[in-house]
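See structure below.
The values are calculated or read from the model by the stated rules, or taken from the named source; none is laboratory data. These figures come from a predicted structure and were not determined experimentally. In this analysis, Cβ positions are derived from the backbone assuming ideal geometry, glycine residues included, and neighbour counts consider all displayed protein chains.
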């Protein structure tokens, strides 16, 4: 995964805070144990001096070095047993003064097996999720707050479906997608008119998926494709470099939400960028949600056959039907 240096630095700062808190707790425990058990502090001092002695013996060339090292190890073992005994008798437990780590893999360093540890990756994804502010406008978007009563129970005379029944199925599919998100999840096409809840349910999905530790990106189609154009034509500028970071993030994140497809200005450049984004993510096995007000016929008229083929063949369409919720809430 390509990391945004700015977000990675923020994630490392969070990991530093965690490490500092753990170290402070370890110091607190040590002060408490030493105050209650003076012998314990003397034993720890002796163990540290033995480590220095061991280093000195290791680099020396004395003929009796083996005997001395064996004797030192035996004394260390006796002191460690006495140390554990003191801690246990005082009710602390034998591992009370062991180093404290939130992550047992990297010991809070953020590095594991030559790469980024999963703990730092989760913190990075949390920082990435904070970038979803434009999607999570109100901050309370959740599946529990989604109100099916806003959708009519009477059949739509044009579409010949009952909006509330159709939206109940769409809602269930979105919630199932979020709660079971994995590399095996489908791609989704949220399709329907303006004000029917596509962006709201996208935010609900984003919140749940991000909380599971996956990286989530959200952009409107117009903004996303503008980034591709800036990355290509302004590559040697600060703006171009920032745009390139955003395009890499969009191509690499676990879940990309591309909102309002069809509202952008369609040009040969935007068509190329859209195909690149969709196809790259498909090739890499990354999941994408596209929302659009366009029908299948309108998509086919607006976009190239290659783009339409990818959407038709690789995305599961979820219909959104009913009346504009914003107008309903305003009593219009």
Looking at segment 78-94, which of the residues that are in contact with a helix residue (DSSP H, G or I) (Cβ under 8 Å, 6 or more places away or on another chain) and in a loop (DSSP other than H, G, I, E, B) is farthest from residue 12 (Cα to Cα)? 90
Cross-chain or 6+ apart pairs with Cβ under 6 Å, segment 168-188 first and closer than 17 Å to residue 143 by Cα, then in a helix (DSSP H, G or I): 168/148; 174/201; 174/205; 175/143; 178/205; 178/208; 178/209; 181/209
Select from segment 206-216 the residues that are surrounded by 24 or more Cβ atoms within 10 Å (Cβ to Cβ) and not in a helix (DSSP H, G or I) and write down the one among them that is farthest from the chain's Cα centre (by Cα). 216
Considering only residues that are in contact with a helix residue (DSSP H, G or I) (Cβ under 8 Å, 6 or more places away or on another chain), at pLDDT below 95 and outside any loop (DSSP other than H, G, I, E, B), which ones fall in segment 186-200? 192
Could you check how many residues of segment 125-164 are over 23 Å from residue 291 (Cβ atoms), modelled with pLDDT of 85 or more and assigned to a helix (DSSP H, G or I)? 0
Output the residue which, of all residues in segment 23-45 that are at pLDDT 90 or above and touching a helix residue (DSSP H, G or I) at 6+ places or on another chain (Cβ under 8 Å), is surrounded by the most Cβ atoms within 10 Å (Cβ to Cβ). 40
For the structure I just gave you, tell me whether residue 20 is exposed (fewer than 13 other Cβ atoms within 10 Å of the Cβ) and assigned to a loop (DSSP other than H, G, I, E, B). no
Answer yes or no: is there a residue in segment 302-314 that is surrounded by 13 or more Cβ atoms within 10 Å (Cβ to Cβ) and outside any helix (DSSP H, G or I). yes
Unmet criterion (only one of (1) surrounded by 16 or more Cβ atoms within 10 Å (Cβ to Cβ); (2) under 27 Å from residue 296 (Cβ atoms); (3) out of contact with any strand residue (DSSP E or B) (no Cβ under 9 Å at 6 or more places or on another chain)) for residue 278: (3)
Selection status of residue 265, surrounded by fewer than 16 Cβ atoms within 10 Å (Cβ to Cβ), outside any helix (DSSP H, G or I) and touching a helix residue (DSSP H, G or I) at 6+ places or on another chain (Cβ under 9 Å): yes
Any chance segment 316-332 includes a residue that's in a helix (DSSP H, G or I), surrounded by 15 or more Cβ atoms within 10 Å (Cβ to Cβ) and touching a strand residue (DSSP E or B) at 6+ places or on another chain (Cβ under 9 Å)? no
From the list 113, 179, 154, 144, pick out the single residue that is loosely packed, with under 12 Cβ neighbours inside 10 Å, closer than 30 Å to residue 14 by Cβ and in the same structural domain as residue 320 (by TED's automatic domain parsing). 144
Among the residues listed as 220, 270, the single one being surrounded by 14 or more Cβ atoms within 10 Å (Cβ to Cβ) and farther than 26 Å from residue 185 by Cβ: 270
